[in-house]
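Notes for the one structure printed next.
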Ligand code: DC
């Protein structure tokens, strides 16, 4: 995940390839609650792992449910979450639950605990982040109180935090009459009742009646569908009257597979419609035809705008069709979340787009009507907005913009599509885009940007490079990794490639001076990297098996483990003897040439930090920022000594100093790509600087040349 204050996107020029979607948020939080209420164990496959599901899981644990999680691995293809449910009986009678900003946790848990406390006794508080306390829940409270539930609003009336309580052996006399709930603010109130009331279904049918026109109907259909999977029959008359049949009892389906998130699919359908212009489409795996999620209907809206979209069971494929896209007029009441994606697609249309029926945007993670209007205008669009509509006219000319995301995952995801602006009709070249606080995507799709960069390409020349060169043990590796982390950029440790080439040569019994043989081997290095925290927090594997590897695809930062020809070399890479081998093979021109293409392939969106000896002089001579790091030999020998001692390796400082001076001399005096500062490099002597001071200096130089220097200063840090 991009855990940084702001992410700068270079102009993106194309999209193709496959993306695997995380599980649906709506399905995940509903089935978690259902599994938690049912008797016995339920195994949930490919459940979403995100902020919103984590708060639900933590709540279930606090209530005494069993929770066991297994990541998807090579042995098991699917991630598994095993929930042992309460069988409808409270195991814990007092708890304070923190539910973040997850409406899909707050509303159903409030209803569930209200009826359980009223009948079995208990006292529970439900709270969230400040924005959660601005999101209405009054209609649900008003529906539950007449039943006999005791609910206190601990802050503002009609909003969380709430306390629900009751005494053992209590009853809900109000259930004899239909339960009435308003449906025109959020469909989650009805969903909450439908999920909770089967707990107290006895001899009689329970009736829920909706007042006002129900919005977001497809989400209620998801609820009914999943209730059926857990053995609860609900009869409905239109969307006005729902009857929970008497004797209803949650029964675990045993195993349940969670579909990929259809709202998350919308960003990739849009990417395909805008930027899949070659032969290959954007292929989206995890959701498709037959989905139970209403947002799958986004596909029809995208088609109406001109996208070419195919669907099959569990997949969607999108390709550019009409270009520019066509503006549309659409009542988006049924697809409120995915409709935000349409509003950004509208920037690429040749006419205005009018979306109506979106009043619910006002009570979501942020006031989405206001937020969308403000940020679309920054890009140059003309926007009209009212209580329940937004109209977008595409920019005559796109403007570079720093997009505020309002702690709203969908703002960050849908606005990332504006990075394709260089493809818009009449736009002479792409303008840069900044997404502020990109980590907010963690609410539903922690690996979103990695997935986007895995599919999207940028013109190489547009992908910024920061080159950090310097002698051995100058601390450039540590500095480069820290700078890459701070900017969310990819990292190229070019020394690692020479070290790996040296190890491969040694393994084959080659002399490190056999230029032809070592070069042949370097050209086809079979390297594999593992990065921590790819996608949703698991690990990812990249290969660099040939001259066009995707070593850096969608995985910024340092690799945590490295394999050469299937053998792990993580520890061996750092040995002094490996460094010496590398110094010898790197003096051979043919070896340097053989590794050239591999190094260039690390230059991928959103940017690259490359460290070595010749990053700024030979490999990336056009780098946007070049830093030449130095430190006196005594300091460097001492640092190397500390490093070795910390790993339990004994060494003498004098020997280390002699070694590194010899290595410097060889790196400096060799005929090809000698170690020297580029003419336009900033010199940084870090002999007396801490690593933090060096990082701050480099980031300072970088900021000074960034188009959003101003906006960066205003980005709030958490
Ligand atoms: O940075 P390092 O210590 O991992 O590099 C190992 C050797 O590889 C170093 O002695 C010189 C060589 N090297 C090089 O010649 N060019 C680079 N860009 C990086 C490393």
Condition first: buried (at least 18 other Cβ atoms within 10 Å of the Cβ) and within 34 Å of the chain's Cα centre (by Cα). Now tell me which residues in the stretch 624-640 satisfy that.
625, 626, 627, 628, 629
For the stretch 30-65, how many residues are in a strand (DSSP E or B), surrounded by fewer than 19 Cβ atoms within 10 Å (Cβ to Cβ) and in contact with a strand residue (DSSP E or B) (Cβ under 6 Å, 6 or more places away or on another chain)?
2
Go through (1) free of Cβ contacts under 8 Å to residues at least 24 places away in the same chain; (2) in a loop (DSSP other than H, G, I, E, B) and name the single condition residue 672 misses.
(1)
Just for the stretch 96-130: of the residues that are over 18 Å from residue 29 (Cβ atoms) and not in a helix (DSSP H, G or I), which one is nearest to the chain's Cα centre (by Cα)?
130
Tally time: how many residues in the stretch 568-596 are more than 19 Å from residue 642 (Cα to Cα), free of Cβ contacts under 8 Å to residues at least 24 places away in the same chain and either in a helix (DSSP H, G or I) or within 8 Å of the ligand (Cβ to nearest atom) (or both)?
1
Within the stretch 601-633, residues within 15 Å of the ligand (Cβ to nearest atom), farther than 18 Å from residue 664 by Cβ and assigned to a strand (DSSP E or B) come out as 608, 609, 610, 626
Take the conditions surrounded by 15 or more Cβ atoms within 10 Å (Cβ to Cβ) and out of contact with any strand residue (DSSP E or B) (no Cβ under 6 Å at 6 or more places or on another chain) and apply them to residue 668. Does it pass?
no
Return the total of residues in the stretch 386-408 being over 14 Å from residue 347 (Cα atoms), in a strand (DSSP E or B) and out of contact with any helix residue (DSSP H, G or I) (no Cβ under 6 Å at 6 or more places or on another chain).
1
With the checklist (1) in contact (Cβ under 8 Å) with a residue 40 or more places away in the chain; (2) in contact with a strand residue (DSSP E or B) (Cβ under 8 Å, 6 or more places away or on another chain) in hand, flag the one item residue 222 doesn't pass.
(2)
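All of the numbers you see were taken from the coordinates with simple rules; none came from a lab. Predicted model only: the values in this text are computed from it and were never measured. Here the Cβ is made from the backbone with ideal geometry for all residues, glycine too, and neighbour counts use every protein chain on show.
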